[in-house]
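Below: one structure, written as structure tokens.
The values are calculated or read from the model by the stated rules, or taken from the named source; none is laboratory data. Bear in mind that the values here come from a model prediction, so they are computed numbers and not experimental data. Positions of Cβ are backbone-derived with ideal geometry, glycine not excepted, and every protein chain shown enters the neighbour counts.
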Amino acid sequence: MSRPVGAVTRGTTGHNRLRRCDRWVVAVHGRRLRTAEWPLVVDLGYGASHTTTLELFTRLRRVAPRVEVVGIEIDPARVALAKPYEREGLSFRLGGFELPVDRPPALVRAFNVLRQYPEADAWRYWEVLCGKLAPDGALVEGTCSENGRRAVWVGLSPEGPGTLTFSARFDAFERPSDLADRLPKSLIHRNVPGERIHAFLRDFDHAWAVSAPYGAHGARQRWLAAVRLLAGSWPVCDRPPLGGWRRWRLGELTLPWAAIDPRTGSAP
Ligand SMILES: C[S@@+](CC[C@H](N)C(=O)[O-])C[C@H]1O[C@@H](n2cnc3c(N)ncnc32)[C@H](O)[C@@H]1O
């Protein structure tokens with residue numbers, strides 16, 4: 001076997017840390033995984049423990065009983081630690097961005113992995129991973145806080161990035177732009193005046209501020225009001241499975257990637 005592609009990085013992880021993304025994956029991709037004949041899901045860079053991969057497996061199996069989950073890690077010691085937790089439909093193996101699997105995955109999740117790479121590599125590995133997906137497959141690449149209360153992720157297809165999702169517990173931020181510290185590598189350095197991601201977070205903060213009176217009914221009502229307001233000037237996804245109040249009430253918001261793509265256009 002040739003050397004795995006990539007580099008060993010910090011293995012920080014934690015119980016239930018990726019729950020917000022798992023919940024979104026089930027809502028957005030659950031039906032596709034349920035109806036696929038032999039769906040393969042890869043959790044790339046699961047870290048110092050098998051936990052988040054096992055949690056993903058458990059949540060997906062509830063909606064897609066035929067799904068097979070493979071955790072891939074570039075650090076052999078972390079693979080050895082995870083091996084005892086293998087079971088029918090769940091396995092762990094050594095590998096990197098080359099994805100050592102026997103068929104194109106229906107879904108690849110890579111969380112808190114690319115943030116530790118230089119920005120140019122993050123763009124390049126998006127392309128590499130998208131090129132390995134099944135024709136209707138998806139890559140979910142994101143970053144979250146240590147306890148998972150703040151998270152941002154990108155949804156990609158074989159054609160490239162399609163959506164950007166913000167997700168936060170209502171007591172985990174003061175204003176929406178606090179989530180900027182969780183932006184994926186391809187956006188984190190673009191959060192400066194003149195860039196669209198910066199304009200979006202500025203407008204989200206404004207919508208949040210003017211929705212303050214709704215806070216009397218709780219932060220959830222304030223978030224819902226702010227998102228509705230923001231949807232007047234930004235193409236916020238407002239239909240299921242990506243949008244609508246059922247998603248927004250969870251402290252979530254999804255935008256089409258094109259709205260903030262740093263490679264095209266400038267800030268409004
Ligand atoms: C910060 S941990 C993230 C763990 C888990 N995904 C989470 O979010 O809780 C990042 C892990 O990705 C692994 N990693 C980095 N590059 C990788 C690659 N190219 N292929 C597989 N694993 C990789 C690192 O070795 C590290 O264990």
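Figure legend. Inter-residue proximity from the stretch 1-20: first residues in contact (Cβ under 8 Å) with a residue 40 or more places away in the chain, second residues charged (D, E, K, R) and within 6 Å of the ligand (Cβ to nearest atom), beta-carbon distance below 8 Å, spacing 6+ or different chains. Indicated pairs: Val8/Asp75; Gly11/Asp75; Gly11/Arg78.
In the stretch 1-27, the qualifying residues are those that are charged (D, E, K, R) and surrounded by 15 or more Cβ atoms within 10 Å (Cβ to Cβ), and the one that is farthest from the ligand (Cβ to nearest atom) is Arg23.
Within the stretch 219-245, which residues are more than 22 Å from the chain's Cα centre (by Cα), part of a loop (DSSP other than H, G, I, E, B) and free of Cβ contacts under 8 Å to residues at least 24 places away in the same chain? Gly232, the sole residue that qualifies. Here Thr58 does not fit the description of being within 11 Å of the ligand (Cβ to nearest atom), within 19 Å of Arg23 (Cα to Cα) and not in a strand (DSSP E or B).
I'd like to check something: does the stretch 29-42 contain any residue that is within 11 Å of the ligand (Cβ to nearest atom), under 25 Å from Leu164 (Cβ atoms) and in contact (Cβ under 8 Å) with a residue 24 or more places away in the chain? Yes, some residue in the stretch 29-42 is within 11 Å of the ligand (Cβ to nearest atom), under 25 Å from Leu164 (Cβ atoms) and in contact (Cβ under 8 Å) with a residue 24 or more places away in the chain.
For the stretch 83-106, state whether one or more residues are in contact (Cβ under 8 Å) with a residue 24 or more places away in the chain, surrounded by fewer than 23 Cβ atoms within 10 Å (Cβ to Cβ) and in a helix (DSSP H, G or I). Yes.
Just checking, does the stretch 73-85 include any residue being aromatic (Phe, Trp, Tyr), under 18 Å from the mean Cα position of the chain (by Cα) and modelled with pLDDT of 95 or more? Scanning the stretch 73-85 turns up no residue that is aromatic (Phe, Trp, Tyr), under 18 Å from the mean Cα position of the chain (by Cα) and modelled with pLDDT of 95 or more.
Checked against the criteria, Arg220 counts as over 28 Å from Ala122 (Cα atoms), basic (Lys, Arg) and either crowded, with 16+ Cβ neighbours inside 10 Å or modelled with pLDDT of 95 or more (or both).
One residue stands out among those in the stretch 62-82 that are of a type outside the set (Asp, Glu) and part of a strand (DSSP E or B): the one that is surrounded by the fewest Cβ atoms within 10 Å (Cβ to Cβ), which is Val69. Taking the stretch 107-138 as the range and being within 13 Å of the ligand (Cβ to nearest atom), assigned to a strand (DSSP E or B) and not β-branched (Val, Ile, Thr) as the test, the residues that pass are Arg109, Ala110, Phe111. Does Ala48 count as more than 10 Å from the ligand (Cβ to nearest atom), at pLDDT 95 or above and assigned by TED's automatic domain parsing to the domain that holds Lys132? The answer is no for Ala48.
When the residues of the stretch 230-254 are narrowed to those that are among the aromatic types (Phe, Trp, Tyr) and closer than 16 Å to Val152 by Cβ, which ends up surrounded by the most Cβ atoms within 10 Å (Cβ to Cβ)? Among residues in the stretch 230-254 that are among the aromatic types (Phe, Trp, Tyr) and closer than 16 Å to Val152 by Cβ, the one surrounded by the most Cβ atoms within 10 Å (Cβ to Cβ) is Trp248. Taken across the stretch 212-228, residues that are of a type in the set (D, E, K, R) and either in the same structural domain as Gly131 (by TED's automatic domain parsing) or under 30 Å from Gly131 (Cβ atoms) (or both) do not occur at all.
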